[in-house]
Structures are given as C-alpha cells and as structure tokens.
Amino acid sequence: MDLISGPRVPDSVDGFRELAGARLGGFPHTEVADAPGLRRAAVLLCVVAVDGPPSVMVIKRAYRGRNAGQWALPGGRVDDGETVEQAAIRELHEELGLTASPADLLGRLDDFPAASGFVITPIVAALADASELRPSPDEVHSVHQVDLARLAADDVPHWVHPNEAVRQQDLRPDAPSVPYDGPGLLQMRLAENMTIHAPTGAMLWQFREVILLGRDPDAARIAHFAQPEWTRN
C-alpha cells in the first residue's frame with residue numbers, strides 16, 4: 001500500500017491540543033436522545049507521542065468476549081451515574097493503565113448509533129505522558145499508534161460497495177472506490193494490515209475531517225454510516 005502524504009498536521013501533543021481545542025470549540029456535535037432500552041458507551045480518541053510523532057491510540061480487542069479481535073478505540077459501557085467523560089477516563093485506565101484528567105479532554109464528536117444497540121460517544125483527549133501504558137490482557141490484544149500525518153493522508157479513506165466490505169484477511173487492495181455519496185461502506189486503510197470499518201472507522205474519519213483537515217461539520221456527519229455484519233455484536 002502506498003503511504004501518500006497528507007496535509008501538514010501538528011508535530012507535538014501540545015500543538016494538537018491547541019488545534020483540537022480551537023476546532024472542537026466550534027463543532028456542533030450531534031447527540032442521540034435517551035430512549036427506553038438505549039445503551040450508552042464512550043470511547044477516547046486519545047493523542048499521545050510515544051517515541052515518535054503525535055498519534056491516535058487504536059487497540060485490537062482481545063480474542064474473547066464482545067467484539068473479539070476487532071479494531072477499536074479505548075472505551076466501553078457507561079455505568080449508571082457516570083457521564084460519558086467519566087466513563088471514557090475510567091475505561092482508558094482499565095484497558096491501558098493510563099490516567100487522564102478532565103483537563104486532558106478537549107471535546108467530543110458526534111454520537112454514533114451502532115448496530116449493536118449501543119450509542120457511542122467519542123471523546124477527544126491529549127496526554128502529555130503515556131509512559132504508564134500497561135494494556136490489560138483480558139481486554140486488549142495489542143495497542144497501535146496511528147500517526148496523525150498518516151490519518152490525514154489522501155489515500156486513507158476508501159469507499160467500497162457493500163460486498164467488498166470484507167474482513168482484513170480477505171481484503172482486496174484493488175477494490176474499486178465508489179463516490180462518497182454512493183451506496184458504499186467506509187474503509188480506513190491505515191496500514192497494510194490495518195483496515196478499519198465503522199463504527200471505529202467512522203469516528204476516526206470524523207476526527208480526521210473535523211480536527212485535522214478543518215472541514216465543514218455538515219459535510220462530516222457519520223450517524224448514517226453503514227457497518228459490516230461482523231461489527232454488529
């Protein structure tokens with residue numbers, strides 16, 4: 001896969017904090033209203049710099065339980081009495097051993113109504129220190145840092161017809177792209193062995209469009225994005 005350069009992005013966590021704070025401050029995020037039976041989850045789009053440029057942490061779930069082996073963001077169910085921000089901070093610590101404070105949170109993106117029945121709220125954060133990273137083997141198979149420059153690259157978003165939205169091992173690199181407003185599904189092609197679909201791919205796409213590229217919020221909504229069948233459990 002060619003790694004095509006994208007636009008200039010912040011080269012430090014502090015630079016990202018400044019950019020994200022400014023762009024999220026004017027971002028009118030959408031919320032899904034409470035309803036009987038609705039379950040809520042929160043995830044953290046957390047930017048760190050670990051022996052390299054600022055990157056978003058992406059995890060591969062442990063090969064057990066819900067969403068076994070799937071790409072994800074740190075996060076999980078919102079417990080009774082918690083806010084989405086509190087849940088995101090708690091889950092980050094439980095899954096990766098990292099401690100975030102409310103001051104590390106920079107804002108939020110759109111709620112995503114997942115096909116699993118959860119409404120997922122993505123929170124954006126930046127951590128100056130990720131040296132305490134200690135993934136929980138019960139929940140996390142591996143941790144990956146996605147360079148902001150890679151996330152912003154032109155060749156990352158790829159729209160395919162539904163029958164081309166296959167698991168990683170069956171992926172066709174030459175699958176033809178379809179127009180953004182066509183009947184396609186999103187693939188975030190971040191590395192040779194890292195292609196991420198909605199819901200995680202949708203949230204990474206909106207993070208890229210809104211924060212890194214500064215696009216019009218109304219052109220960067222994600223609630224309607226389709227999910228492949230295997231992400232629905």
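The values are calculated or read from the model by the stated rules, or taken from the named source; none is laboratory data. All of these numbers come straight from a predicted model, not from anything done at the bench. In this analysis, Cβ positions are derived from the backbone assuming ideal geometry, glycine residues included, and neighbour counts consider all displayed protein chains. SASA here: full protein model, heavy atoms, side chains in, ligands and nucleic acids out. Shrake-Rupley method; radii C 1.70, N 1.55, O 1.52, S 1.80 Å.
Return the pairs, sorted by first residue and then second, in which the second residue is open to solvent by less than 40 Å² (accessible area, probe 1.4 Å) and part of a loop (DSSP other than H, G, I, E, B), the first residue lies in the stretch 211-231 and is closer than 22 Å to F16 by Cα, the beta carbons are less than 7 Å apart, and the residues are 6+ apart or on different chains.
Between residues of the stretch 211-231 that are closer than 22 Å to F16 by Cα and residues that are open to solvent by less than 40 Å² (accessible area, probe 1.4 Å) and part of a loop (DSSP other than H, G, I, E, B), the close pairs are L212/V9; L212/A152; L213/A152; P217/F27; R221/D110.
Output the residue which, of all residues in the stretch 30-44 that are small (G, A, S) and touching a helix residue (DSSP H, G or I) at 6+ places or on another chain (Cβ under 9 Å), is nearest to P122 (Cα to Cα).
A42
Considering only the stretch 85-118, state which residues are more than 25 Å from M188 (Cα to Cα) and in contact with a strand residue (DSSP E or B) (Cβ under 9 Å, 6 or more places away or on another chain).
Listed by number, the residues that qualify are E85, Q86, A87, I89, R90, E94, L98, A100, D104.
Of everything in the stretch 189-233, what is of a type in the set (V, I, T) and within 15 Å of L45 (Cα to Cα)? Give them in sequence order. Explain how you work it out, then say what you get.
Filtering the stretch 189-233 down to residues of a type in the set (V, I, T) leaves 195-196, 200, 210-211, 222, 231.
Residues satisfying the conditions are I196, T200, V210, I211.
Restricting to the stretch 170-198, give me the number of residues that are modelled with pLDDT of 90 or more and open to solvent by less than 20 Å² (accessible area, probe 1.4 Å).
Result for the stretch 170-198: 10.
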